[in-house]
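Down below is the structure, laid out as structure tokens.
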Amino acid sequence: MGKEKMLWAVSNPADSISRNIGAIIRNKGEIVFEFNRALGVIKPNGKDLGIAFAQIHDSESHLHKKTTEYYFVTEGSAKLKVGSSEFEIKPNSMVIIYPGTVHAVSSISGVNLFVLSNPRWKPSDHFKAKGLSHLKRS
């Protein structure tokens, strides 16, 4: 069993993970574990840096007005739609998604991502591509 799978097995109880590591963000087709609480606040250039691990099946098209996201694929593969382009991402791929860019992930084989966000992701900066609704945080 790889480290990623061990993390998911250990992090199943949402309350425990939330208290000890950070927030769990759930949205249709994805679960994101934020690690900021465990690591403390990291502030390059005075901005909070967000660190997370995501397991995505099919995320809804969305954008961030302030946040730049850096996706590092650790396991599996997926189709990533960024703006009007679509391409496949695989292990060891890195993608940068700039503020204002509509994006979505559709898993091909159960994709896991290590995600850095700058500034740190906040629910108030997550907008569905249609309707501009916000994600819920548990």
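Protection proxy ranking, highest mean first, for peptides 56-68, 77-89, 103-115: 103-115, 56-68, 77-89, where packing is the per-residue count of other beta-carbon atoms within 10 Å, averaged. If you take the beta carbon distance between Lys128 and Asp48 as r and set R0 to 22 Å, what does 1/(1 + (r/R0)^6) give as a FRET efficiency, to the nearest 0.05? Taking R0 as 22 Å, the efficiency between Lys128 and Asp48 is 0.40.
Quick note: the coordinates plus some simple rules give every number you see, no bench work behind them. Every value quoted in this text rests on a predicted model; they were computed, and no experiment measured them. Quick reminder, even Gly has a Cβ in these numbers, built from the backbone with ideal geometry, and neighbours come from all protein chains shown.
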